[in-house]
Every structure is written in C-alpha cells, then in structure tokens.
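Working notes, structure below.
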Amino acid sequence: MTVLRGGGRADRPHRARRRIVQGLAVLGLALVALLVLMSARAEGPATNPFHSPVVVRPPKPPPAKLPARSSYGIAIAPAAERVTVKLKLGLRSGLLFDVKTGQVLWARNPSRVMPMASLTKMMTGLVVAAHASPRARVLITSDALQYTGSGIGLLPKGKRVPLTALLYGLFLPSGNDAAIALADYVARTQSRFIALMNQRAHELGLVCTHFSTVSGIVDQGNYSCAKDLAVIADKLLDQPLLATIVGSRSAILPFPIKGGKLYLYNNNPLLLLRYPGADGVKTGFTDAAGQCLVATARRGNRWLGVVLLHSGDTSTQAQQLLNAGFTKLAKS
C-alpha cells in the first residue's frame, strides 16, 4: 500500500497550475499598471486616476497703482496765512497757493473736475521739454496748418523752424498750430503725443486730469481740477526755458518768413496790466471751460499762484486773490 505524502509527485501538477495562474495574474496586474501609467503621462495630471485633478493658473498681475501724490496743492496753509475773499463775479473752481511749498491759502471747489481749455498747453510744453532739444528745428507739415482757434498763423509749410520759437508761440498767443507742430515733431502723431501727456500726468500722481488734445481746443475728455493744475504749473516753472517763456510779455524771434522775424505777444492779463511781480503762466478759453487762468507773481521772497476755472473775470479775480494773499503774508 502506497502512502502519498504532501509535496509528493501526485500533487506537483496541481501546484504547477496554481503557479502559472498566479504568474498570469501578476503579469496582468503589471500590464494594467503600465497602461495606466502610460495614459497618465500622455494626458497629464488631470487624467491620472490615482490623484486629484491639478489645475495650474498663472499668477494674477498686481493691480496698477497710482504714484503717491504729494501734498502740493492740497495741504492747507497755517491759519495765519489763510485768506478770506469775497469774489463779486462767478467762479466755479479756484485756488490760491504758495508756489514754493504748495500750501493752499484759499480754495473754492479745488477738486472739481472741469474742462481746462488752453491750460492744457502747460502739459504740452512739459512733454516737449522732456523729449526734445531746445536747439532742434521742427518741420512744418500740413497737419499743423489744419488747426482751429488761436494760432501763430505764420507757420511756413515745408520749412524747418526753431523749436524754441514754437514754444513761445505755444504759450504767448496760445498757438494751436504750434501745439500740433510740436506734437508731431516729438511723437510723429498727435495721438501718440497725447499718450505721453497722460503718462506724465500719471507719473505726477494727478487724480482728476486727462488729456484728449494737444492744444485744449477739444473739451470732451480733456479735463483737470485746480489742485492738479497747480502741480503742473509748479513743474513747468521748474524748467528754466519754459519759465522764461511764460513770464515774457512779448518776444521777437528769428523765423523763416518774410522779414525774417516773428513778433509774439502774451495774452496773460496780469502781464498785460504789468501786475507787480507777475511771471506766468497760462490762459485758456472755450465755451465749455469759460475763462481760465493759472498765474503766478513774486513779492520779495514770497511767491504765490492762482488757478481760476470758469471765471467771470480772470483779471480782476486773480489780482484780488493775489493782493489778499500778499497782504496776509506780510502780516504773518
């Protein structure tokens, strides 16, 4: 009688079959794992069944920030230097300020957004001074001759004229043709120059100023406020050439026209009236903006400025405010 023990020959076929089945099972699992891995690599993390979908988003750009605005045209002067003035005629917005410190001695709606007419040309001059040499000569194209409103009126098409002469023409008679010629010279087109004007306003931290024209002849989209205009005037007066120009009552300049000279006269009422110490800066007028003026004057070591927007009489009101300011400062 034969006794079969575990592990004997009779049990070997069964064990062999089990090993084959187990091997096939392991091979099948490995094949499945390989297919899953290949699928995950081909389709990316979002299709990998062993992990949660991963969504990669680009970082958000930081929000654009305005440059910090200084206190110029905003900070109130000490009580001993502030003035009280009763203006007889209408004035929608105005400011009396210390040019050296920017402190405000008197204000009426200084943050009110208003059309600014040819006060625009203060920024035009600043941009030109930053991007062009005063010794440059500017080609007069047909674009500069297609202007409306005030102008030099004598620009010779096809000729090159001194840039400095055009700056005088920009400020003294408030030449819209000069503004166009300068803008085209600096930026090739008026639209590109306007972009430079708005860029400069942004750099100065101006909060209520936007330009849509190089000259101020267009009211739509072209606006500012008294406190911003005080800042622009201060920056203009920091430029020696521009300060000299805006403080001139008249100028005789070499120019390629018949006679060889260009005669220009300033329409700033304080300069015309020879108001004591008057030294700038710019007038403006459109129907929407009304009479506008930014003017400055010196008395001894005192230097005051005034901004008037939509004024009933810029000449009278500017003198009244400046007189009150100089009187108060003499007593303080």
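Throughout, read-outs are computed from the coordinates displayed, never taken from laboratory work. These figures come from a predicted structure and were not determined experimentally. Here the Cβ is made from the backbone with ideal geometry for all residues, glycine too, and neighbour counts use every protein chain on show.
Just a few scattered comments:
- Coordinate range along principal axes, alpha carbons of segment 79-331, Å, largest first: 57, 35, 29
- Descending by average beta-carbon neighbour count within 10 Å, the peptides 140-146, 280-286, 203-209 line up as 280-286, 203-209, 140-146, the highest first.
- Per-q log10 I(q)/I(0), segment 140-222, q = 0.11, 0.17, 0.25 Å⁻¹ (Debye; single scatterer per alpha-carbon; no solvent): -0.29, -0.67, -1.25
- Whole-Hz couplings from phi, Karplus 6.51/-1.76/1.60, listed for segment 113-120; x for Gly and Pro: 7, 9, x, 10, 6, 7, 4, 3
- The residues L322, L91, when put in order of fewest to most other Cβ atoms within 10 Å, stand as L91, L322.
- The slack in the chain from N109 to S71, taken as 0.36 nm per residue of separation less the alpha-carbon distance, amounts to 12.0 nm.
- Cα-based reach from K157 at 19 Å (exclusive), listing aspartates and glutamates while leaving out same-chain residues under 8 positions away: D143, D177, D184
- Its Cα centre serving as origin, segment 140-245 has a Cβ charge dipole (Lys and Arg +1, Asp and Glu -1) of approximately 300 debye.
- Rounded to whole numbers, the Karplus 3J(HN,Hα) couplings from phi for segment 312-321 are x, 6, 4, 4, 5, 5, 5, 5, 4, 5 Hz, using 6.51 cos²θ - 1.76 cosθ + 1.60 with θ = phi - 60°, and x at Gly and Pro.
- For D279, distant residues with modelled amide H under 5 Å away: T296, A297, R298
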